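Comments concern the structure below.
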Amino acid sequence: MKRLSHIAQLWRRGPWWPRPGQDIELKTLLDGADPEAPQAVRHLWLIRVLGWVRRAEPVQGTRALVATLQQDPARRARVVSMLASIWRDGDVAALLADFGFSPRTSFLNELGERLRRRMLPLSPDTDDLGTLFNLLFDDPADAQWLAELDEPTLQAVGALWADAMLELDPERCNGAACPLGWREPFHDAMLYLATQIRAAGFSPAFRSRMGVRVDVDFDAKASQREGQAVDASARHAFRHLSQTTERVHELALAHALEAGPDAPPSPALLQEAQYLRALLDTCANAARGLHGHLEVHGISLDLVFQIDQLCERCRRMERLLEAVLSPKPGPVLRRFLIELLQVSEERRSIRALFTQHYSMLARKVAERSAETGEHYITRTRGEYREMLRSAAGGGAVMAVTTFVKFMMLALGLPPFWTGMAAGLNYATSFVVVQWLHFTVATKQPAMTAPAMAAKLEDTRSEAGVEGFVDEVAHLIRSQMAGILGNLMVVAPLVIAVQLLAWWALGAPLITEEKAHYVLESMTLLGPTLWYAAFTGVLLFASSIIAGWVENWFVLHRLDSALRWNPRIRARLGAHRAARWSVWWRENISGLAANISLGFMLGVVPVVASFLALPLDIRHVTLSAGQTAAAAATLGWDVVHNPQLWWCVAAVPLTGVLNVGVSFAMALRVAVRSRGVRLGDRARLWQAIRRRMWRQPLSFLLPPRSSS
């Protein structure tokens, strides 16, 4: 029984538990420490030692390593010399001050750096201790077992490192004893960080935006005065940061010479350190305050990235300052090491970079789309009737688009130019629809989803949930009105034009060959539904492009340039330049959405065909128009052709997929940008299902009480 119990205990502990004989392997490994070996060999030795610790249960492996060194002073002295040589020949600032930060303050450069780290191996033949740190701690579980180290083991490891630092003192201080000991490189790292923070704070991107008030609750003069006060405080903090860091170093050095490196900090040092912390808080708050400016004046991914980098550098300085001032630095250094491990793990993730830095842009794009989407949601019977009229006008324009498409196909252009011509046709039609204030139903969902997400500010209360369900009902009614208005005009109008051509010309505008091709390609029995879903993706993409273009327009202040640029004012005149500025600011989003969607619908199928990808477009309004045109060409006998009815059956399903896919993707982006929790999402879906069961007509017709 005892043997079975022992086997069961070993099984629970797993194969990583130290086995008899492993201590011999550890001693052999430790005997390989050679402080005079080449740098790459020393780094490989340290990697193998940590690999041995990790091969066993890491906490127990660390204890075994510490116990082995404590029992053999000669072997311990050899390991201490090895650690000292690694620390001496390495770039300590690369670990303490630079590790986790991008060498260039650009989002794309950081993306390239992370891709490089994921795809290319690292070399241990380096003097960059940050690179060595990545090689040593490449397991996501490292932070967990380091946090579980008990106090005696932690003290033993700290003593080992402190002895290694003592061996460096004469070399680091030109032959004299270094009063600050291991704290010296920490002070150097703080100075490097302070220099980088100051440079970022005085960069043009920060300087031009710092201290700008965006609150609308203040009058203009009060807002300006408060902004100037914030700007003056931030400039003072950035200006004095390096000087204060130097002053902390000088006070620490003087106190160490007088009382020793491990003596408690002097009152003067603590006071100066507190002032340094206040400066760091001011710098970080000034950088975070730029988010408010970006919310109003447009998002720049590079600037958002720089803000985050500056705030993280301030936080790193606070951690280093805490380490050098702590009378018991062991726990502080362990927390600092764990934070470095967390930073290392985060920098391995491409998804985390996009999630962190695109969330703000996604929210801004969603909010800008929400402003447009409000115009596509009907809440009263009057608005419902107006949507029907607007969609009817859009259907009339799309009928013309249908015939123009057949005309362009008849030209027999090469595939690429055929796609460009089709894209120009679609883009022109969508822009005309916009200018005439008409509606194309499939353009609604990508705009209305962000407007709905704007109602998600209060999803924890019943009133907030019911309000969101009301918006869902309004939206579905609006979509039904838009699709119905488009279809009830485009099909009859196309048939009427075809009949008029029969009467006036003696032949339809579309040949029988093209008519049969339409019925064969638009049938429900083919890949129509797959193409319709893909068209929904393009509809969503156009809304994202529209939000991005509008954000770019606002960020670069092009509306102000159109109004105040001397050459533009001289050419157009002051009054016309002002009107052009307002017009472009109000219409840039719609133009970007319509033009991008038109060219994607025309060009993407051609590119997909070239790449042999099974992708094409199926737009509900265009599909209905083409089916109607084909039926009018083939005459009354076509009603006996099953292909016609399969095409007719495909039209409503095409509309559902166009609308559903576009809306689902837009709503997902909008919801994620607002941080709605999974539990709240489940409550929303439950409330929608409950409303559908109890009041299904509320999703189809406006309430009678509305006017």
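The values are calculated or read from the model by the stated rules, or taken from the named source; none is laboratory data. On a predicted model such as this, the values are computed, not experimentally measured, just so you know. A quick note on method: Cβ atoms are made from the backbone with ideal geometry, for glycine too, and the neighbour counts reach across all protein chains shown.
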Which listed residue, of I476, I495, is in a helix (DSSP H, G or I), closer than 19 Å to L657 by Cα and in contact (Cβ under 8 Å) with a residue 40 or more places away in the chain: I476
Restricting to region 659-692, count the residues that are modelled with pLDDT of 70 or more, within 18 Å of E462 (Cα to Cα) and not aliphatic (A, V, I, L, M). 8
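Report yes if L83 is in a helix (DSSP H, G or I), touching a strand residue (DSSP E or B) at 6+ places or on another chain (Cβ under 9 Å) and not polar (S, T, N, Q), otherwise no.
Taking the combined requirement at face value, the residue does not satisfy it.
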First in region 533-560 and surrounded by fewer than 18 Cβ atoms within 10 Å (Cβ to Cβ), second anywhere and small (G, A, S) and not in a helix (DSSP H, G or I), Cβ under 6 Å, 6 or more apart: L555/G298; L555/S300
Among what's in region 81-92 and is farther than 17 Å from T131 by Cα and out of contact with any Phe, Trp or Tyr (no Cβ under 9 Å at 6 or more places or on another chain), pick the residue that is surrounded by the fewest Cβ atoms within 10 Å (Cβ to Cβ). S81
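Quick check on S581: is it touching a residue at least 40 places away in the same chain (Cβ under 8 Å) and either farther than 23 Å from R209 by Cβ or in the same structural domain as F663 (by TED's automatic domain parsing) (or both)?
Answer is no for this residue.
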Residues satisfying the stated conditions in region 121-137, i.e. under 30 Å from the mean Cα position of the chain (by Cα), crowded, with 17+ Cβ neighbours inside 10 Å and farther than 18 Å from S102 by Cβ: L132, L135, L136, F137
Return the total of residues in region 245-257 being of a type outside the set (A, V, I, L, M) and farther than 10 Å from M190 by Cβ. 3
Just to be sure, is A481 of a type outside the set (S, T, N, Q), at pLDDT below 90 and surrounded by fewer than 16 Cβ atoms within 10 Å (Cβ to Cβ)? no
So which residues in region 205-263 are at pLDDT below 50, surrounded by 14 or more Cβ atoms within 10 Å (Cβ to Cβ) and part of a helix (DSSP H, G or I), if there are any at all? S223, Q224, E226, G227
Is there a residue being on the phi < 0 side of the Ramachandran plot, under 45 Å from the mean Cα position of the chain (by Cα) and at pLDDT below 80 anywhere in region 18-30? yes
Over region 602-624, the set of residues part of a helix (DSSP H, G or I), within 14 Å of K405 (Cα to Cα) and among the hydrophobic types (A, V, I, L, M, F, W, C) is V603, L622, A624
Hey, does region 553-562 have a residue that's outside the structural domain of L303 (by TED's automatic domain parsing), within 30 Å of A441 (Cβ to Cβ) and either under 41 Å from the mean Cα position of the chain (by Cα) or of a type in the set (A, V, I, L, M, F, W, C) (or both)? yes
Is at least one residue of region 590-605 under 18 Å from G419 (Cα atoms), of a type in the set (S, T, N, Q) and in the same structural domain as F438 (by TED's automatic domain parsing)? yes
Would you call L95 of a type outside the set (D, E, K, R), surrounded by fewer than 18 Cβ atoms within 10 Å (Cβ to Cβ) and in a helix (DSSP H, G or I)? no
Here is a list: A496, A507. Which entry is modelled with pLDDT of 90 or more and among the hydrophobic types (A, V, I, L, M, F, W, C)? A496
Looking for whichever is modelled with pLDDT of 70 or more, farther than 19 Å from G536 by Cα and hydroxyl-bearing (S, T, Y) here; the options are T380, T439. Which one fits? T380
Look at region 527-569 and say how many of its residues are at pLDDT below 90 and outside any helix (DSSP H, G or I). 2
W636 fails exactly one of the following numbered conditions: (1) surrounded by fewer than 18 Cβ atoms within 10 Å (Cβ to Cβ); (2) modelled with pLDDT under 90; (3) in contact with a Leu (Cβ under 7 Å, 6 or more places away or on another chain). What is the number of that condition? (3)
Taking L597 as the residue in question, decide whether it is free of Cβ contacts under 8 Å to residues at least 24 places away in the same chain and at negative phi. no
